[in-house]
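Notes follow once the structure below has been shown.
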There are 2 protein chains.
Amino acid sequence: MTAPDGPRRERRTIGVLARQTGCHVETIRFYERIGLLAPPPRTQGGHRVFDDSHARRLVFVRRCRELGFSLDDVRGLLGLVDTGDVTCAEVKALTVHHRDAVRHRIEDLRRMEGVLTDLVQMCAGGTAPDCAIIETLFEPHR
Amino acid sequence: MTAPDGPRRERRTIGVLARQTGCHVETIRFYERIGLLAPPPRTQGGHRVFDDSHARRLVFVRRCRELGFSLDDVRGLLGLVDTGDVTCAEVKALTVHHRDAVRHRIEDLRRMEGVLTDLVQMCAGGTAPDCAIIETLFEPHR
DNA sequence: TCTACAATCCGTAGTCGCTACAGGATCAAG
DNA sequence: CTTGATCCTGTAGCGACTACGGATTGTAGA
């Protein structure tokens, strides 16, 4: 009865991991370098060998990044997970805080979009050398 | 009858210009270094002396930045202004293109915000060590 | 006129989150 | 055993600033 390991601990090269997670190879190495991912074991020749736990962790990082969390936020979340100290309240607070920042950013962009639309509308778009957009941009704030 | 110059060509130090335009002193020097603003004349001791034309141009840059234009975009717009070759059509095209990029960015952020709000709502926020947010973030995409 | 101190000078390095090389070594298939 | 894909390390670059250190200059008050 040799241990049948199964697909639970599947080994993969960095390239395969990259394809599975949608990360670039360079990004994975970068995450390892900055301490976001633990250094995986290597082959005799020095190639990294990743297993499911690495894949899981990388997926987590990637999902967080897709949601706009900073790498520092991700580090914090992973820290909570790693120590086992994680409580819903902490995670929720971090998430709420980030969501509020995202909302704030949306508001900023909306204001920009409004002004840009105004500018576009006040511009005839012809070959005239005097452009209302340019004129307006030379005016101080608001 | 000495030329009364008037307030039209008011001279100012970099600090005063910064206060007038809302830019940091370092940013003004930075803009000069990358060729966005022309090098102003100096005092004997080497301090920069700015006049109204510099102020006008810096206001333009600042307004563009507030609207999210890249420094390269600003360079382009200023280039058009400088050559006198500026036509409404060109400026409008650049502005429309940028507005579309801003809209795109808003859509991205809105999607993030939606997911973040979902996450926040699925989390009880108590002291439980199992957190639904964390669980979800370990799941692959979507 | 002297002195104190604010403001300015320059150059370099750091921020964030990657991305793009260069110049090699290793691995798997045929 | 050769080929060619993949991997390795290290460094430099991006955008748009920001922050520093150490020196110099400008100016207002005594």
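The values are calculated or read from the model by the stated rules, or taken from the named source; none is laboratory data. Bear in mind the structure is a predicted one, so any value in this text is a computation, not a measurement. Here Cβ is always computed from backbone atoms with ideal geometry, including for glycine, and neighbour counts include all displayed protein chains. The protein model used for the area step is the full one, side chains on, heavy atoms only, and it has no ligands, DNA or RNA in it. Shrake-Rupley method; radii C 1.70, N 1.55, O 1.52, S 1.80 Å.
All of A:THR83, A:THR43 fail the test of being modelled with pLDDT under 95 and not charged (D, E, K, R), apart from A:THR83. So which residues in the stretch A:26-35 are closer than 12 Å to A:LEU58 by Cβ and more than 9 Å from DNA strand C (Cβ to nearest atom), if there are any at all? Once the filter is applied, which keeps residues that are closer than 12 Å to A:LEU58 by Cβ and more than 9 Å from DNA strand C (Cβ to nearest atom), the stretch A:26-35 yields A:ILE28, A:GLU32. Taking the condition of being assigned to a loop (DSSP other than H, G, I, E, B) and within 11 Å of DNA strand D (Cβ to nearest atom), how many residues in the stretch A:10-58 meet it? Number satisfying all stated conditions: 10.
Does A:ILE106 satisfy being closer than 30 Å to B:THR87 by Cβ, touching a Leu at 6+ places or on another chain (Cβ under 8 Å), in a helix (DSSP H, G or I) and open to solvent by less than 20 Å² (accessible area, probe 1.4 Å)? For A:ILE106, the condition - closer than 30 Å to B:THR87 by Cβ, touching a Leu at 6+ places or on another chain (Cβ under 8 Å), in a helix (DSSP H, G or I) and open to solvent by less than 20 Å² (accessible area, probe 1.4 Å) - is not met.
Taken as a whole, the structure leaves B:LEU78 outside the set of residues that are under 18 Å from the mean Cα position of the chain (by Cα), open to solvent by 30 Å² or more (accessible area, probe 1.4 Å) and outside the structural domain of B:ILE34 (by TED's automatic domain parsing). Looking across the stretch A:54-70, the residues that are surrounded by fewer than 19 Cβ atoms within 10 Å (Cβ to Cβ) and farther than 20 Å from B:THR117 by Cα come down to A:ALA55, A:ARG56. Looking at A:GLU90, A:GLU113, just one residue is surrounded by 18 or more Cβ atoms within 10 Å (Cβ to Cβ) and either at the interface with chain B (Cβ under 10 Å from one of its Cβ atoms) or without any contact (Cβ under 8 Å) to a residue 24 or more places away in the chain (or both), and that residue is A:GLU113.
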